[in-house]
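> Pasting a structure below so you can have a look.
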Amino acid sequence: QGGKITQIEAQFGDIAISAEQLQLQWQAGSLLQGKLQIQKISAGQLHIHISPSKHPSAPSTAPRSLALPVAVQVDQLQLGELALFFNPKNPAPTWAAQNIAGHYQYKNGQHRAAISALQMYQGQYQGQMQLGAQSPFALQAAASAQLPLPDMPAAPPLVAQLQASGNLLDIRAQ
């Protein structure tokens, strides 16, 4: 089962979201077993516009739980372009990434996500993380990047790796 949506827009206070070329393939019957099974969710583009707030907000506090009511499995996540816009006077995105692919799972109180491909700033990025659903949100994460050196085309790309652990409220990175 599934469907396609050509374009959708939503407004949440100071945040406007627009998506194009959405596609969803899922198994509705899996909900009867207490699981949301999604084979594929994709979008050609996802644009998020965040306007400066006219009213200062109170300091936020961390939630006690990020638990979901059912297990969730997303086998394939694809996004052609993700763009964030912070300046309403500038039509160009503040940040953008292309050709994003990954997957996600929530099971037994653990969120697991992986980005198998992401392109931005002429580089290739990958990452994965595991996050506990209860405060203080135990965290294990790793990311890597391959960045070409434009002034040295014959040189191999610069490779960077990042490891993070601890909890979401106190992250330690290397």
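The values are calculated or read from the model by the stated rules, or taken from the named source; none is laboratory data. Since the structure is predicted, the reported quantities are computational estimates derived from the model, not experimental observations. Glycine gets a Cβ as well: all are built from the backbone with ideal geometry, and neighbour counts include every protein chain shown. Side chains are part of the model used for accessible areas, which takes the heavy atoms of the whole protein and leaves out ligands, DNA and RNA. Shrake-Rupley method; radii C 1.70, N 1.55, O 1.52, S 1.80 Å.
> Of the residues Q122, Q128, which is within 30 Å of W26 (Cβ to Cβ) and of a type in the set (S, T, N, Q)?
Q128
> Working carefully through the options A113, A145, A117, A97, find the one that is over 16 Å from the mean Cα position of the chain (by Cα) and open to solvent by less than 40 Å² (accessible area, probe 1.4 Å).
A145
> OK, next. Quick one: what pairs do we get from the stretch 47-59, first residue open to solvent by less than 80 Å² (accessible area, probe 1.4 Å), second at pLDDT 80 or above and aromatic (F, W, Y), C-beta under 8 Å, 6+ apart or different chains?
What qualifies is H47/F85; I48/F85; H49/F85; I50/F85; I50/F86.
> Another one. Being out of contact with any Lys or Arg (no Cβ under 7 Å at 6 or more places or on another chain), over 24 Å from A71 (Cα atoms), open to solvent by 100 Å² or more (accessible area, probe 1.4 Å) and not β-branched (V, I, T) is the requirement here; does P153 meet it?
Yes, satisfied.
> Among the numbered conditions (1) within 20 Å of I5 (Cβ to Cβ); (2) open to solvent by less than 50 Å² (accessible area, probe 1.4 Å), tell me where A71 comes up short.
That leaves (1) as the condition not met.
> With the requirement that a residue be in contact (Cβ under 8 Å) with a residue 12 or more places away in the chain, of a type in the set (A, V, I, L, M) and open to solvent by less than 80 Å² (accessible area, probe 1.4 Å), what does the stretch 9-42 give you?
Within the stretch 9-42, I15, A16, I17, A19, L22, L24, A28, L36, I38, I41 meet the criteria.
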